[in-house]
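Chemist: This is the structure I have questions about; it appears just below.
The values are calculated or read from the model by the stated rules, or taken from the named source; none is laboratory data. Keep in mind the model is a prediction, meaning the values are calculated, not measured. Cβ: placed from backbone, ideal geometry, glycine included. Neighbour counts: every protein chain shown. Side chains included, ligands, DNA and RNA excluded: accessible areas come from the protein's heavy atoms. Shrake-Rupley method; radii C 1.70, N 1.55, O 1.52, S 1.80 Å.
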Amino acid sequence: MTIQTSLGDIFKTYGSERPIFKEKETLSIKFTPENTPHREKQLKQVALILAPLLRNDKPSNIFIYGKTGSGKTLVVRSVVDNLLGTINKGNIPVKIFYINCKMKKITDTEYRLLAQLVSNFGEEVPYTGLPTSEVYKRFYELLDKENQNVVLVLDEIDALVKKIGDGILYNLTRINQDLEKTKLTLIGISNDLSFIDELDPRVRSSLSEEEIIFPPYNANELRDILTERANLAFNPGVISSKVVAKCSALAAQEHGDARRALDLIRIAGEIAERKDSKKVEEIHVDMAESKLDTDRILEILRTQPKQSQVVFKAILQSHKKGNTNIQTGDVYDLYTNICAKNNLNPLTQRRVSDLIAELDMFGIINAKVLSKGRYGRTKRIKVNLPKSLVENIEGSILREFY
Ligand SMILES: Nc1ncnc2c1ncn2[C@@H]1O[C@H](COP(=O)(O)OP(=O)(O)OP(=O)(O)O)[C@@H](O)[C@H]1O
Ligand SMILES: [Mg+2]
């Protein structure tokens, strides 16, 4: 068979039918499911707090928190969409703006955030150039132009505060004192549980007039969520309840993360499809899990500062020499060698030790603190990554270092 005909076969089977997936998009993060099992309570809470909007009253500010993948964004977006339906039908003067604070450009500076808010009112301010106070004034004028309720959802609000501090939140939570016609309500969402404690106490108390907690899902709850989504996404007979249960159990291991459960089942489906399997088997889920872990580690390493990558390279050098008792001192010697070859200024041993602790925290290495009696403390470092992943890292991320 020539290459052309065998390629033709691949495209033919691929194009003619999709035996595994019926509608894969329903597993994507962009898809909003109609049902949100195990979040009835939170949906109701958010809806009840926002309901006064329908009578032109100002609702309380809300602070929502819970770990990643616990359905926070989904619940808020579902309530908002539903509410907007009623609001538009009844011509009620309410505007609801949603901003994801992790988005680059929009929330990198106070100026940009205010410019975005202005553009939500359909007006534009230049991308840069005006004094921030001028953009703030513009926002304020637009806000107070007519009698209305404005709700501002700040998703991943911790990212905003990390980038530009909590001054802007202070201003936004105080703004109602000055507004004459409009009432502004804030909804803050965060998966960083310590975030609220670090806020200015005045911001904290106004932002969290109402607090809603999203507990992590357990394996059974994830199974219900996943079963509904899998029925939409896969063709009949492709997915067994055993496979769904396995994805749910794996995703519940760290904390019940629905995003991870959905990723697992989607990738398992893609692997089954590539292997020309008619069904998604448990082994495909195992492979999906290892792919997700690999991708996570590659992503973390890729976004680490150069110095940290060099520290990791030093650890790998020692590991590959067969050293089963790698200690901070060994790593430091190798590290300074690599720095010298690559024209990098070496950090102090203490800083390198911090970087080692960070790699440990990310789960890329295992470091155990050993006491060396009066000689102080050191760490015993282990690398538990599959060989193929190590080769992948060396061939990509670490390739730029000699
Ligand atoms: N109860 C549920 N029913 C159906 N799908 C759900 C449910 N909870 C979460 N999901 C799905 O899981 C994924 C993650 O949910 P969501 O984005 O709401 O998490 P989050 O709590 O906002 O996480 P993060 O803090 O990382 O932003 C989404 O694809 C969402 O559709
Ligand atoms: Mg979210």
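Chemist: Based on Cβ point charges of +1 for Lys and Arg and -1 for Asp and Glu, what charge dipole magnitude is obtained for the chain about its Cα centre, in debye rounded to the nearest 20?
Modeler: Values: 59 positive and 53 negative charges, 232 e Å.
Computed about the Cα centre, the dipole is about 1120 debye.
Chemist: Counting only the backbone N, which residues of segment 71-96 are under 12 Å from the spot 7 Å out from the Cα of Arg259 toward its beta-carbon?
Modeler: Zone members listed by number: 71-74.
Chemist: Can I ask one more? What trypsin sites (Lys or Arg not before Pro) does segment 62-137 have in DSSP loop regions with at most 16 other beta carbons within 10 Å?
Modeler: Loop-located and lightly packed - Lys102, Lys104, Lys105.
Chemist: For Lys102, go through the lysines and keep the ones whose alpha-carbon is under 17 Å away, minus same-chain ones fewer than eight residues off.
Modeler: List returned: Lys30, Lys67, Lys72, Lys162, Lys163.
Chemist: Are there any trypsin sites (Lys or Arg not before Pro) in segment 161-233 that are in a DSSP loop and have at most 16 other Cβ atoms within 10 Å? List them by number. Walk me through the numbers before you get to the answer.
Modeler: Values: sites: Lys162, Lys163, Arg174, Lys181, Lys183, Arg202, Arg204, Arg223, Arg229; in loops: Lys181.
Hits after loop and neighbour filter: Lys181.
Chemist: If you don't mind, there's one more thing I want to ask. Measuring from label point to label point, each 7 Å out along Cα→Cβ, what is the Asn345 to Asp333 span in nm?
Modeler: Going by the 7 Å Cα→Cβ label model, 2.6 nm.
Chemist: Further question on the same structure: Mind giving me the FRET efficiency for Asn176 and Tyr98? R0 is 22 Å, r the Cβ-Cβ distance, nearest 0.05 is fine.
Modeler: On the way: r = 20 Å, r/R0 = 0.91.
The pair Asn176/Tyr98 has a calculated efficiency of 0.65.
Chemist: Most fluctuating residue of Gly66, Gly165, Gly269 in a GNM of the chain with Cα springs under 10 Å: which is it?
Modeler: Maximum among the listed residues: Gly165.
Chemist: Per residue, what volume in Å³ does the convex hull of the Cα atoms of segment 40-214 enclose? Provide the component values of the computation, followed by the final result.
Modeler: Working: hull volume 18.8 nm³, N = 175.
Convex hull of Cα atoms, per residue: 107 Å³.
Chemist: So, one more: Hey, if you drop one equal point scatterer on each alpha-carbon of segment 304-400 and run the Debye formula without solvent, what base-10 log of I(q)/I(0) do you get at q = 0.18, 0.19, 0.20 Å⁻¹?
Modeler: After summing over all Cα pairs, the log10 values are -0.80, -0.90, -1.00.
Chemist: Another question, if that's okay. Which percent of the accessible area of segment 55-95 is formed by carbon and sulfur heavy atoms (probe 1.4 angstrom)? Write out the running numbers ahead of the final one.
Modeler: On the way: 880 of 1980 Å².
The C+S portion of the solvent-accessible surface of segment 55-95 is 44 percent.
Chemist: Another question, then. Convert 10 °C to kelvin, take the viscosity as 1.306 mPa s, use the Kirkwood radius over C-alpha pairs of segment 218-300 as Rh, and evaluate the Stokes-Einstein diffusion coefficient in µm²/s, rounded to a whole number. Don't jump to the answer; show the numbers that get you there.
Modeler: Numbers: Rh = 12.5 Å.
Calculated translational D: 127 µm²/s.
Chemist: Taking only DSSP H segments of four or more residues, each worth -39500 (n - 2.57), what value at 222 nm results for the chain once the sum is divided by all its residues, to the nearest 500 deg cm²/dmol? Show your work: numbers first, answer last.
Modeler: On the way: 16 runs with 205 residues, N = 402.
Counting only the DSSP helices, I get -16000 deg cm²/dmol.
Chemist: Next question, about the same structure. How about segment 87-137: which GluC sites (Glu not before Pro) there are in a DSSP loop, with at most 13 other Cβ atoms within 10 Å of their Cβ? The partial results should precede the final answer.
Modeler: Working: sites: Glu110, Glu123, Glu124, Glu134; in loops: Glu123, Glu124.
Answer by residue number: Glu123, Glu124.
Chemist: On to the next question. Quick one: 3J(HN,Hα) in Hz for segment 117-132, Karplus 6.51/-1.76/1.60 with θ = phi - 60°, rounded, Gly and Pro as x.
Modeler: 5, 4, 5, 5, 8, x, 10, 10, 10, x, 4, 8, x, 7, x, 4
Chemist: Using modelled backbone amide H atoms (1.01 Å from N, in-plane), which distant-in-sequence or interchain residues come within less than 5 Å of Thr185's amide H?
Modeler: Val150, Val151, Leu152
Chemist: For the chain, modelled as a GNM with alpha-carbon contacts under 10 angstrom, which of Tyr65, Tyr217, Tyr140 fluctuates the most?
Modeler: For the chain, modelled as a Gaussian network with Cα springs under 10 Å, the answer is Tyr140.
Chemist: How much of the DSSP bridge set in the chain is antiparallel, in percent, rounded to the nearest 5? Show your work: numbers first, answer last.
Modeler: Values: 9 of 32 bridges.
Here the antiparallel bridges make up roughly 30 percent for the chain.
Chemist: With only alpha-carbon atoms in the gyration tensor, what are the semi-axes of the equivalent ellipsoid for segment 19-117, in Å, largest first?
Modeler: Numbers: eigenvalues 125, 91, 44 Å².
Its equivalent ellipsoid spans semi-axes of 25, 21, 15 Å.
Chemist: Straight-line reach from Lys181: which lysines fall under 29 Å, measuring Cα to Cα and dropping same-chain residues less than 8 apart?
Modeler: Filter leaves Lys44, Lys58, Lys89, Lys95, Lys137, Lys145.
Chemist: Ignoring ligands, DNA and RNA, what accessible area per residue does segment 298-402 give at 1.4 Å, in Å²?
Modeler: Values: 6110 Å² over 105 residues.
Normalised by residue count, the accessible surface of segment 298-402 is 58 Å².
Chemist: Counting only protein heavy atoms and using a 1.4 Å probe, what share of the accessible area of segment 184-338 belongs to carbon plus sulfur, as a whole percent?
Modeler: Working: 3380 of 7160 Å².
With neighbouring chains kept in place, the figure for segment 184-338 is 47 percent.
Chemist: Right, another one. Can you compute the FRET efficiency between Leu370 and Ser119 using 1/(1 + (r/R0)^6), with r the Cβ-Cβ distance and R0 = 60 Å? Round to the nearest 0.05.
Modeler: 0.60
Chemist: If you don't mind, another one. Using each residue's phi in segment 392-401, evaluate 6.51 cos²θ - 1.76 cosθ + 1.60 at θ = phi - 60° and report the 3J(HN,Hα) Karplus result to the nearest Hz, with x for Gly and Pro.
Modeler: Rounded to whole hertz, the list is 4, 5, 5, x, 10, 5, 8, 5, 6, 9.
Chemist: Using a Förster distance of 25 Å, how high is the FRET efficiency between Asn82 and Ser28, based on the Cβ-Cβ distance and rounded to 0.05? Show your work: numbers first, answer last.
Modeler: On the way: r = 21 Å, r/R0 = 0.85.
Efficiency, rounded to the nearest 0.05: 0.75.
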